[in-house]
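Structure first, then comments.
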Amino acid sequence: MIRRMGKVVRILVNFLIGMLLLASCTQETGSVAFRAPEILSAEAELLWKAATLHGSLSDGRVERCGFLFENAQGEWVAMPSALQDRRFEATVEGLAPGSTYRFLAFAEAGESRILTDTLAFTAREAQPSDPIDVEDPAFLAYLLSLYDRDRNGEISFAEAGRIRSVSISPTNRYNLQSLQGIEYMPELEVIDCWGEWYGRKDTPIDSPYWYVGPFKEAWDDCWGPIGTLQRLDVSRNPKLRRLAVENNSALGDIQGSLDLSGNPLLEE
């Protein structure tokens, strides 16, 4: 439903839109008296932890257009948008799944401003095809080298759900800072940051364990103050049975400082 700007948000919108003088919707209106075009649609396309806001106009002659988005702190943030074929969009990220967010679209030409009603959407939960978050590029490179089954450059929730081992040997030289991302691996059984990598490299990708192994039992020759792992959280890996990360000097005695209360199957 489209309406003229209401009293409640008039001051806020005047201020925010006034800050958008350099926005990209800069089509020639042809006249100072030209009125802002009608906003035909405003909707949100939901992604995991993100949403793309879409809007469309009845006419391409507009000076400024975009969205106002209410963030988690209750602050309305102006999001100027570029106009293309009478359509405009903007992306918001860092959304909390299950939380509800509000937004509205605006268009301005001359002294005329049009604003939609306030709209809302609820950020959706992850789907099997969505990519997991992996903050360390080195860890992502390791995962992609072994577990990117469809070779699309991402590790999906479905792919992460099959991973049972994270084994980084000295010969891999990944220099990991973080293993963030293992929280999306509920079947993970083994974390080995420096165990030597032995065994065949032709293990079928659809094998039950889907990793190269077995692991070397004598660890002394690969321990030492050479690890770079900065932090580790295994609280979401209830099937973990093997954990070998003692050689990461940046953390000191990392294993002694970990909360392992959620890992009842841990053997080492």
Revision key, fill the gap. Of (1) touching a Phe, Trp or Tyr at 6+ places or on another chain (Cβ under 7 Å); (2) at pLDDT 95 or above; (3) of a type outside the set (S, T, N, Q); (4) in a loop (DSSP other than H, G, I, E, B), Ala96 fails just (1)
**Study point:** Condition check for Ala51: surrounded by 22 or more Cβ atoms within 10 Å (Cβ to Cβ), out of contact with any Ser or Thr (no Cβ under 6 Å at 6 or more places or on another chain) and in contact (Cβ under 8 Å) with a residue 60 or more places away in the chain
**Key:** yes
Revision key, fill the gap. Considering residues that are outside any loop (DSSP other than H, G, I, E, B) and at pLDDT 90 or above, the number found within the stretch 119-138 is 6
Study note, to complete from the structure: Taking the stretch 105-118 and keeping only residues that are in a loop (DSSP other than H, G, I, E, B) and of a type outside the set (Gly, Ala, Ser), one is left with Glu111, Asp117, Thr118
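Results for (1) touching a helix residue (DSSP H, G or I) at 6+ places or on another chain (Cβ under 9 Å); (2) in the same structural domain as Gly66 (by TED's automatic domain parsing), shown as yes or no for each residue.
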{"residue": "Ala105", "(1), (2)": "no, yes"}
{"residue": "Ala109", "(1), (2)": "no, yes"}
{"residue": "Arg113", "(1), (2)": "yes, yes"}
{"residue": "Thr118", "(1), (2)": "yes, yes"}
{"residue": "Ile132", "(1), (2)": "yes, no"}
{"residue": "Glu135", "(1), (2)": "no, no"}
{"residue": "Leu144", "(1), (2)": "no, no"}
{"residue": "Asp148", "(1), (2)": "yes, no"}
{"residue": "Ile163", "(1), (2)": "yes, no"}
Review point. Mind checking which residues of the stretch 63-89 are under 10 Å from Leu53 (Cα atoms) and touching a residue at least 60 places away in the same chain (Cβ under 8 Å)?
Key: Phe88
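The values are calculated or read from the model by the stated rules, or taken from the named source; none is laboratory data. Computed from a predicted model, the values in this text were never measured in an experiment. As a convention, Cβ positions derive from the backbone with ideal geometry for all residues, glycine included, and neighbour counts pool all protein chains shown.
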